[in-house]
Amino acid sequence: MTNQYYKPMSTKTNRLYGFYILMLIHFMLVHYNIWQRADPERSPIPFSDFHFIRDFSTHPLQVLDLWTCILIGSSLLLVLVIHLIKTYRALVISEHSIYWFLFEHPYRKVCKLSEVQQLEYIAIPPNDQHQMVLLRLHTAAQNYDLNLSQFNMLDQKLIYEQLAQRFPESEFPS
């Protein structure tokens, strides 16, 4: 048996872009408010938006607020890192173990297949099209839950078939 790699379904990237656009709008609104308050003689309308953009592009260090930049920049970086982790990880089922793989390096072992005594298929709620599917691996020391809902239906079936060959006494849905 060779190593089989299964990639979870990727998150919606349009949600990520939407989050980035929303954070950029908040970033600009906060700095526009700070810029507006810095000089009380600035008129709020009709052309202050253009003056703000001109000031922001010509000398941004005078317009930017340090703490707002740190907060928004770190939250954008955190979301980007989480997105990269969810995009580039894979579940690997080898002859000896099941583990998660990230950027071509194993980072978390689920369990050793030699220690697994029984496999249990759990669907919550049963007979529902949008159900959460867990594969519970029973060992002598501990139970491990593998959330199969994060994989597409074809990969779920391939995982079932691969583990059914290893554990023929366990019942898998067809």
(message) Through the Karplus equation 6.51 cos²θ - 1.76 cosθ + 1.60, θ set to phi - 60°, convert the phi angles of region 93-101 into ³J(HN,Hα) values in whole Hz; use x for Gly and Pro.
(response) 10, 10, 5, 10, 7, 10, 8, 9, 10
(request) For Leu102 and Ala140, calculate 0.36 nm times their separation in residues minus their Cα-Cα distance, and state this gained length in nm to one decimal. (result) 10.9 nm
(request) Using R₀ = 25 Å, calculate the FRET efficiency as 1/(1 + (r/R₀)^6) where r is the Cβ-Cβ separation of Glu120 and Lys86; round to 0.05. (result) 0.45
(message) Only counting other Cβ atoms within 10 Å, I'd like His105, His83, His59 sorted with the fewest neighbours first.
(response) His105, His59, His83
(request) Quick one: which residues, 5+ away or cross-chain, put their amide H under 5 Å from the amide H of Phe151? H built at 1.01 Å from N. (result) Met9
(message) Once you place label points 7 Å from the Cα toward the Cβ at Ser75 and Leu24, how far apart are they in nm?
(response) 1.6
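Laboratory data are not the source of any read-out in this text; all were calculated from the coordinates shown. None of the values given here were measured: they were computed from a predicted structure. Quick reminder, even Gly has a Cβ in these numbers, built from the backbone with ideal geometry, and neighbours come from all protein chains shown.
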